[in-house]
There are 4 protein chains.
Amino acid sequence: MNTRQFLLTASEIEAMVGEEKIHFLNPNAQRINKSLGDAVGLNHMGVHMIYVEPGRDTTEYHLHHYEEESIYVLSGSATAVIGGDRYKVGPGDFIGLPRHTVAHNVINDGEQTLVCLVMGQRLAQDVSDYPDRGQRLYRNNGEWNLVAHESITDPRKK
Amino acid sequence: MNTRQFLLTASEIEAMVGEEKIHFLNPNAQRINKSLGDAVGLNHMGVHMIYVEPGRDTTEYHLHHYEEESIYVLSGSATAVIGGDRYKVGPGDFIGLPRHTVAHNVINDGEQTLVCLVMGQRLAQDVSDYPDRGQRLYRNNGEWNLVAHESITDPRKK
Amino acid sequence: MNTRQFLLTASEIEAMVGEEKIHFLNPNAQRINKSLGDAVGLNHMGVHMIYVEPGRDTTEYHLHHYEEESIYVLSGSATAVIGGDRYKVGPGDFIGLPRHTVAHNVINDGEQTLVCLVMGQRLAQDVSDYPDRGQRLYRNNGEWNLVAHESITDPRKK
Amino acid sequence: MNTRQFLLTASEIEAMVGEEKIHFLNPNAQRINKSLGDAVGLNHMGVHMIYVEPGRDTTEYHLHHYEEESIYVLSGSATAVIGGDRYKVGPGDFIGLPRHTVAHNVINDGEQTLVCLVMGQRLAQDVSDYPDRGQRLYRNNGEWNLVAHESITDPRKK
């Protein structure tokens, strides 16, 4: 086995061509995404280096019912929105969201590119909510089902 | 809900009292461990800031059968041992070990404190091997069973 | 520990008061359900003795994306509908549905009470479809979300 | 899809050639095993029709740490040993063992072939104990590790 495949040096990460990602619910959520985890073959957790320009959101404000997620800021400054509250964050700050707690987002309202390490579980099944859009996403083994909150009923309640 | 609990600033991390950890199989594997994940309430992934002094190992050379693990070097320089091969690593380098691939360790053979962010799955069940000690550890829902490789047989092989 | 709790004799099963169940999507799906599994404390699989009167359906025609299910007929005769095909079944016949294959139902079109042992996985997360009703049920840790198929979109397809 | 594959009639079950199984720790634990679940393609639960001759044990006395198991007696009479206690069982009796409770076995001390339906979870990872042999079996993704209880230590206890 070629053991070198499990190592990415800083300059290799620098040289990686990132993927441009725009969130399907938020055209202002734009980032360059380099999946370090995928590059070394991790399957069950995601580790991403993300680059977000000033004025952009890292993602759409969301809450995972199952997947835990965390963010470590490497450079830049931003506002983290956590359960509706706003916090200024900068290099060396850490945000971690246990499953099914509160929604969050990180907005680059600084003047530099925001660079973060984003680490999360990669589960076969998850449910996430987008409270500002009134939408829920069910992910099950690669199938994505997006549903408006108002289309969901509980069959046990009459 | 107090949303501030999900954020740790750099200065709060600095101020955290770390846990001194010595590996049960390797008295030279000594580190200060600050569990950022535990501090914000993550249950299903571990995110740790580790501090390792020159001459020390971060852990005992090991291989997880199930838990994926990754390391991002923040400062210092070290030698990563991956599947028996040795690589120099420094700030901004990333190591990721998919499950059941090769054993690894990181040795601080530099002159500064090595500081890394260590991120991994936290599964209820795992098996890990310590090839240099001829030992296997079975972890099942909090119970730890350590067994010498030579005490293990396969009942299907006669 | 009282070990007697893990045993249910035939006469104890006979004496159990079953639960009358009517499916929320099918008023003709009526049965008496005795959960043998629950009675002895099983948490991760369901084992049910079900009693279905002539003319009734055991359940609504459905397909599980995750939970495997199987049925062993003890007495009576019925028609099993499996993926749209109809099969006569009687005592000693066995039906098993691997996950995400085809929808099924069992209809008591005989003249006696149909008695079956129904055995299935009990997962924290499942998705099931009711093709004749155009509905999908997402079950996640006790929360039930029923959604019409026509309200579901795939956000990755534009 | 051929939907007939999900149905096994009583006469097809009768005609199946069973597998002769002898437990690796108990030469008297002999049975004929017809896996109904495998025959219809179930992957995540086992459903077996077992046939045990007078004087034989169905299996070795054991306890699963994870896999739930249950037994429904179809014909014959036997003694169930549950957590050291002995109970006479016969047709229509049900035994269910929640995970990590007590060890059990079923011994055919009657005069007829004992026929049972055995239903259990089929997990990728399990630990089971054989208290009368002082052995523990770790099963992890198809690898079987048998270890004497006396070879197991807890590295956290010094």
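Readers should treat all values here as calculations from the given coordinates under stated rules, not as data from a laboratory. Only a predicted model underlies this, so the values are computations on that prediction, with no experimental measurement involved. Backbone-built Cβ (ideal geometry, glycine too); neighbour counts: all protein chains shown.
About its Cα centre, what dipole magnitude does the stretch C:29-100 give when the only charges are +1 on Lys and Arg Cβ and -1 on Asp and Glu Cβ, stated in debye to the nearest 20?
160 debye
Which of the three applies to the protein assembly as shown, rounded, prolate or oblate, going by the alpha-carbon gyration tensor with a ≥ b ≥ c and a/c under 1.5 meaning rounded?
Note, shape of the protein assembly as shown comes out oblate.
My understanding is that a pair violates if its Cα-Cα distance is over 24 Å; which of A:Lys88/B:Lys88; C:Lys34/D:Lys88; C:Lys21/D:Lys88 do that in this structure?
Those over the limit are A:Lys88/B:Lys88; C:Lys21/D:Lys88.
Cα to Cα, under 12 Å, and not fewer than 8 places away if on the same chain: which aspartates and glutamates meet these conditions relative to B:Lys157?
Counting by Cα, and skipping residues close in sequence, B:Lys157 has these aspartates and glutamates nearby: D:Glu143.
Can you list the HN-Hα couplings for the stretch C:75-83, worked out from phi with the Karplus curve (6.51, -1.76, 1.60; θ = phi - 60°), rounded to whole Hz and with x for Gly and Pro?
Ordered by residue, 3J(HN,Hα) equals 7, x, 9, 7, 10, 8, 9, 10, x Hz.
Only Cα pairs under 8 Å and at least 6 apart count here; give the relative contact order of chain B as a rounded whole percent.
Computed value for chain B: 21 percent relative contact order.
How many nanometers, to one decimal and shortest first, lie between the label point of B:Ala124 and those of its other copies, if labels sit 7 Å from Cα toward Cβ?
Reported distances to equivalent positions: 0.7, 1.4, 1.5 nm.
Separation of the stretch C:41-77 and the stretch B:93-143 by C-alpha centroid, Å?
45 Å
Per DSSP helix of 4 or more residues, -39500 (n - 2.57); summed, then divided by the residues of chain D. What does that give at 222 nm, rounded to the nearest 500?
Rounded to the nearest 500, it is -1500 deg cm²/dmol.
What's the magnitude of the charge dipole for chain D around its Cα centre, counting Lys and Arg as +1 and Asp and Glu as -1 at the beta-carbon? Answer in Debye, nearest 20.
For this selection, approximately 440 debye.
To the nearest 20 Debye, how big is the dipole of the protein assembly as shown about its Cα centre, given +1 on the beta carbon of each Lys and Arg and -1 on that of each Asp and Glu?
Computed charge dipole of the protein assembly as shown: roughly 0 debye.
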